[in-house]
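Enquirer: Take a look at the following structure, please.
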């Protein structure tokens, strides 16, 4: 018999969110490093990362219908098992076309984990504590993001060890769900209206989702490569990515606290401006050793905070079938962002070695201009 307590439900969501983050960061960094070692171009690496985004787009279209038909727990369990199998298959397959369908499958599986755990979390809290609860959720996910590169630092990128470790952790999460220790809320039908309907209702949420996906997907794949091009060793480069994610872990709770106490669009604007200006300084900061760690620690917390506050905004304004419909639209926005981000950086790297910071800064600052001009208007 399932244990039906909020604590167990929240603990399960935290576990699933962490596994999503670990699988995503582990695969993105590991695949990029393996491909570069095999002689693949930056454009090829970016296109392979874009296959993850194609999986996200497929999931965004099909998940609302499937979640109603099969239920959240079944789909979460299936996705965790699929993540385990796919991670183990990667080192067994030679580089060529075989890694493209595997990356597609991993995108589908991890996107299901992401969307359903996020929906579940928002349904477990009320608006008075939503900022804090969603900060805990993003902290858990960021912990997973940080664990992936740390795992690579410990195991190295060669051989089967990192793939097996990631698969084993996904299997552990699947076993928790299989034992029935939590009862997710029932899935609800998708709200009325398509993507454009929700874009009009929640433009900040959808543009923020696309921004987060694009920069995150590009950073996971290209930040270690960018650091190595600036003279960092492979272990140092992956540790730099982990440091960025540790900042995302440490700063989400204070950002969530702020989100419960000030206008959320205003907070998003300030975070986007800081992230954009900070990314412009990467070419200088990356050469400063310890200072680079500190700077990326802070930058990671600020950038991920944009999405933390966005989740708070979504949960405070939507519920029931409308919340499901908005998450379906957000899935499309995430897929578009994750498709464009790595592709843009891969193309920019053909023109300049600073492709990653240029694309990141431009994306954050364009988003800030959008918030300032169309959404947040200070009282005169």
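The values are calculated or read from the model by the stated rules, or taken from the named source; none is laboratory data. Since this is a predicted model, take the numbers as computed values, not measurements. Counting neighbours? That spans all protein chains shown, and the Cβs are built from the backbone with ideal geometry, glycine included.
Enquirer: Identify all residues within region 62-102 that are in a loop (DSSP other than H, G, I, E, B) and within 23 Å of residue 119 (Cα to Cα); write none if there are none.
Expert: Pass one, region 62-102, residues in a loop (DSSP other than H, G, I, E, B): 71, 93-98.
71, the sole residue that qualifies.
Enquirer: Now, a different point. Residue 279 is checked against (1) surrounded by 22 or more Cβ atoms within 10 Å (Cβ to Cβ); (2) modelled with pLDDT under 90; (3) closer than 28 Å to residue 55 by Cβ and fails just one. What number does that condition carry?
Expert: Residue 279 satisfies all of (1) surrounded by 22 or more Cβ atoms within 10 Å (Cβ to Cβ); (2) modelled with pLDDT under 90; (3) closer than 28 Å to residue 55 by Cβ except (2).
Enquirer: To continue, here is another question. Restricting to region 165-196, and then to whatever is exposed (fewer than 15 other Cβ atoms within 10 Å of the Cβ) and in a helix (DSSP H, G or I), can you tell me which residue is modelled with the highest pLDDT?
Expert: Filtering region 165-196 for residues that are exposed (fewer than 15 other Cβ atoms within 10 Å of the Cβ) and in a helix (DSSP H, G or I), the one modelled with the highest pLDDT comes out as 168.
Enquirer: Next question, about the same structure. Got a sec? Which of 31, 112, 85 is touching a helix residue (DSSP H, G or I) at 6+ places or on another chain (Cβ under 6 Å) and either surrounded by 20 or more Cβ atoms within 10 Å (Cβ to Cβ) or at pLDDT 85 or above (or both)?
Expert: Values: 31 fails: touching a helix residue (DSSP H, G or I) at 6+ places or on another chain (Cβ under 6 Å); 85 fails: touching a helix residue (DSSP H, G or I) at 6+ places or on another chain (Cβ under 6 Å).
The match here is 112.
Enquirer: Going by the structure shown, is residue 131 at pLDDT below 75 and in contact with a helix residue (DSSP H, G or I) (Cβ under 8 Å, 6 or more places away or on another chain)? Step through it out loud before you land on a result.
Expert: On the way: at pLDDT below 75: yes; in contact with a helix residue (DSSP H, G or I) (Cβ under 8 Å, 6 or more places away or on another chain): yes.
Spelling it out, residue 131 is indeed at pLDDT below 75 and in contact with a helix residue (DSSP H, G or I) (Cβ under 8 Å, 6 or more places away or on another chain).
Enquirer: Check 315, 305, 337, 346 and return the single one that is at pLDDT below 85, closer than 28 Å to residue 247 by Cβ and crowded, with 23+ Cβ neighbours inside 10 Å. Spell out how you get there, then give the answer.
Expert: On the way: 305 fails: at pLDDT below 85; 337 fails: at pLDDT below 85; 346 fails: at pLDDT below 85.
Among 315, 305, 337, 346, only 315 is at pLDDT below 85, closer than 28 Å to residue 247 by Cβ and crowded, with 23+ Cβ neighbours inside 10 Å.
Enquirer: Oh, and also: Looking for something within 23 Å of residue 229 (Cβ to Cβ) and either out of contact with any strand residue (DSSP E or B) (no Cβ under 7 Å at 6 or more places or on another chain) or in contact (Cβ under 8 Å) with a residue 40 or more places away in the chain (or both) - is there at least one such residue anywhere in region 267-276? Give the steps one after another, and end with the answer.
Expert: Quick first cut of region 267-276, residues within 23 Å of residue 229 (Cβ to Cβ) only: 275-276.
When the remaining residues are screened for being either out of contact with any strand residue (DSSP E or B) (no Cβ under 7 Å at 6 or more places or on another chain) or in contact (Cβ under 8 Å) with a residue 40 or more places away in the chain (or both), the result is 275-276.
Looking through region 267-276, at least one residue is within 23 Å of residue 229 (Cβ to Cβ) and either out of contact with any strand residue (DSSP E or B) (no Cβ under 7 Å at 6 or more places or on another chain) or in contact (Cβ under 8 Å) with a residue 40 or more places away in the chain (or both).
Enquirer: Does region 57-73 include one or more residues that are surrounded by fewer than 16 Cβ atoms within 10 Å (Cβ to Cβ), closer than 29 Å to residue 240 by Cα, out of contact with any strand residue (DSSP E or B) (no Cβ under 6 Å at 6 or more places or on another chain) and at pLDDT below 85?
Expert: Within region 57-73 (the criterion being surrounded by fewer than 16 Cβ atoms within 10 Å (Cβ to Cβ), closer than 29 Å to residue 240 by Cα, out of contact with any strand residue (DSSP E or B) (no Cβ under 6 Å at 6 or more places or on another chain) and at pLDDT below 85), the answer is no, since none of the residues qualifies.
Enquirer: In region 259-314, how many residues are farther than 24 Å from residue 206 by Cα and outside any helix (DSSP H, G or I)?
Expert: Summing the residues that are farther than 24 Å from residue 206 by Cα and outside any helix (DSSP H, G or I) in region 259-314 gives 5.
Enquirer: May I ask you to list pairs of residues, at least six apart or on different chains, whose Cβ atoms are under 7 Å apart, with the first in region 91-115 being at negative phi and the second being outside any helix (DSSP H, G or I)?
Expert: 91/160; 95/38; 99/93; 102/93
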